[in-house]
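Working notes, structure below.
The values are calculated or read from the model by the stated rules, or taken from the named source; none is laboratory data. Worth saying up front: this structure is predicted, and the values here are computed from it rather than measured. Cβ placement follows ideal geometry from the backbone for every residue including glycine, while neighbour counts extend to all protein chains displayed. For accessibility, only protein heavy atoms count, side chains too; no ligands or nucleic acids. Shrake-Rupley method; radii C 1.70, N 1.55, O 1.52, S 1.80 Å.
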Amino acid sequence: RSVYDDQPNAHQRFMEKLDACIRNHDREIEKMCNFHHQGFVDAITELLKVRAGAEKLKVQVTDTNRRLQDAGKEVISQTEEIIRCRIQQRNITTVVEKLQLCLPVLEMYSKLKEQMKVKRYYSALKTMEQLENLYLPRVSQYRFCQIMIENLPKLREEIKEISMSDLKDFLESIRKHSDRIGETAMKQAQQQKTFSTALQKQNNVNYSRNVHLGRSKILESKNEMTLKRTFEEDDEYEEEVLTAQDLVDFSPVYRCLHIYSVLGDGEIFENYYRKQRRKQARLVLQPQSSMHETVEGYRRYFIEDHILHVTQGLVTRTYTDELWNMALSKIIAVLRTHSSYCSDPDLVLELKNLIVVFADTLQGYGFPVNRLFDLLFEIRDQYNETLLKKWSGLFRDIFEADNYSPIPVANEEEYKIIISKFPFQDPELDKQSFPKKFPMSQSVPQIYIQVKEFIYASLKFSESLHRSSTEIDDMLRKSTNLLLTRTLSSCLQNLIKKPHIGLTELVQIIINTTHLELACKYLEDFISNITNISQVTVHTARLYGLSTFKDARHAAEGEIYTKLNQKIDEFIQIADYDWTMSESDGRASGYLMDLINFLRSTFQVFTHLPGKVAQTACMSACQHLSTSLMQMLLDTELKQISMGAIQQFNLDVIQCELFAGSEPVPGFQGDTLQLAFIDLRQLLDLFMVWDWSTYLADYGQATSKYLRVNPSTALTLLEKMKDSSKKNNIFAPFRKNDRDKQKLIETVVKQLRGLVNGMSQHT
């Protein structure tokens, strides 16, 4: 009221009392907050504990529910099984009752089937009459009874058809006789071919110099023996066979003709007989269910009735040629289909040998067989594919069994064994005393041997194809190139990518591929010796092993770089810096010393590698280490860094620089390797010396002492140190030095932000 009464200084006194009252209330509020603060914190803590317990309870309830559901499933399953068993018991009882009524009918029907089986056709007809008149009416309400009633006319028709089987047996006996004629023709053609081949080889002066012809002779002898065994079983019997009547029983024909005549279907029989005789060729050439059955089937039926019997004046030559073309088309179609699915090279080779004998035989009778040899060229590609698949498995097994260490030899005998397997020449190694080691591992001579075996296997198919030596040489080189560039290259690439292959194994793989590459010229000589084709010939293809093994080496080198970086990352991950330490430990971190020791021992293994590979691996490792350390400093999750941590980090970088300067891999010029850590060095020097005036004054100049320090990098690290100073120095505002340092940091931060903003605008 005094304020409104306009008393002197009333308003001022009122405001003073009001301020005093406000201060009293503030003190009370502060006391109240201080009093209840700890209780509030405790309440929050208890609440967090309750939440954890609630989550655990939820998990337990969920797990209990799941186990209960799982247990319930078993109960439900057993209950359903009991229900099914009871239904089955009830059904069994019902079935037993009904079967007692139906059993006589079933017995009579079974008797009928047995009579049909033993060809007692008259008794079977009598049994069918009893079923129709006596037994079936008793159980006519059942569906199976209706089926029997419907089947009885079919069975009568079946009796009629079964009588025709005798005729089919007769046709089969004729076909059996023609089999022997065909086999004899093939045997004679093979014997003539063997004789001609032996005579040609005897006249060949250079035969003894050809390495493979000996193997070819053995293979040819084996083929002759195989065919001989095929025919020997029937030779004695063939000598006793004089006429077709002695081989074939004609009584089934007379019996079937009599049955059909009695039934009034004599004309139908005659037409069927003539039609079946014309279809014999098609029946013979039906495709088999598997490649093996196809080979065995055509072994017997290559020379068939439509080739020999239809030429006895029964049909014209035009019709014979038409049947031959039909048969040839079917043979080619079936062989092409089966060979495309065949994965066994031995079976494909056996098929090839049979086709060659077949073609030579038919060619001797004047039939054109060019399409068969065209088919052989198609099958040759499939044969090469099966070989590539087989050798892919062999290569994988060799690589899996290799220990990827140099081959040790204890004496001259072991040394000569390795030299006999692989063309290795090294005068320096020859001068060394035993025991000594070859630079390559055990897989190299094994791979070389397998490549030669592949060439032998590929050559087996090229024999007897009536091709020139030049064409055979070209085939071998093309197939060998496929083996090197596709199969072996793929195996090497997969081997290099396997996780269990370490740095030592990768180094050995590079050495192995180098020696395999050098051996390619010996493989070319090997092929030339087999085919007697000189490598200087214009049309002679070259082996592509150079590119194959070079690509494998590049892949192994890249994998070395990758694994080195991965190993460095593993060491970096175990780094445990105390980023808030007040001062350094005075020595480098343990993890870094372990990493440097690992790198030293690793680069010692690289002494057998080409210099550029080892230098590149060393430079890549140092650059990756430098980048990883820089990323550790600038990690966004790292909020604060003290000067002591910077000093400790500097000790680690010094060790890295000492390692780089110790020339772990020879061949670097000057301090080239140390330049990998130049960014870290300039950044750490800037913070250790605290030389911001020089940095800011010389920024942008080519002669700047801190040319490699990016303003954004320096700003990020400085802000982390700024935050660390604020947190660790609670009384910093009361110390003049700390206040000046904070002001300096803030000033430098502002200037760095200005540089960063200027760079972004310029960009």
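Structure values in brief
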quantity: Any hit, the stretch 533-546, residues being modelled with pLDDT under 90 and in a helix (DSSP H, G or I); calculated: yes
quantity: Criterion violated by LYS113 - all others in (1) surrounded by 18 or more Cβ atoms within 10 Å (Cβ to Cβ); (2) modelled with pLDDT of 80 or more satisfied; calculated: (1)
quantity: Pairs, first among the acidic types (Asp, Glu) in the stretch 585-613, second at pLDDT 90 or above and open to solvent by less than 20 Å² (accessible area, probe 1.4 Å), C-beta under 8 Å, six or more apart; calculated: ASP585/GLN648
quantity: Sole residue being under 30 Å from ILE511 (Cα atoms), under 25 Å from the mean Cα position of the chain (by Cα) and crowded, with 20+ Cβ neighbours inside 10 Å, chosen from LEU394, LEU387; calculated: LEU387
quantity: Filter pass, LEU684 being open to solvent by less than 50 Å² (accessible area, probe 1.4 Å), modelled with pLDDT of 90 or more and either in contact with a His (Cβ under 7 Å, 6 or more places away or on another chain) or not in a loop (DSSP other than H, G, I, E, B) (or both); calculated: yes
quantity: Answer residue from the stretch 501-522, given it is in contact with a Ser or Thr (Cβ under 7 Å, 6 or more places away or on another chain) and either of a type outside the set (A, V, I, L, M) or buried (at least 23 other Cβ atoms within 10 Å of the Cβ) (or both) and is farthest from LYS550 (Cα to Cα) among those; calculated: GLN508
quantity: Residues satisfying the stated conditions in the stretch 565-584, i.e. among the hydrophobic types (A, V, I, L, M, F, W, C) and either touching a residue at least 40 places away in the same chain (Cβ under 8 Å) or open to solvent by 40 Å² or more (accessible area, probe 1.4 Å) (or both); calculated: ILE568, ILE572, ILE574, ALA575, TRP579, MET581
quantity: Only one of GLN674, GLN669 that is among the polar types (S, T, N, Q), touching a helix residue (DSSP H, G or I) at 6+ places or on another chain (Cβ under 7 Å) and within 23 Å of MET619 (Cα to Cα); calculated: GLN674
quantity: From LYS119, LYS98, residue being surrounded by 11 or more Cβ atoms within 10 Å (Cβ to Cβ) and not in a helix (DSSP H, G or I); calculated: LYS119
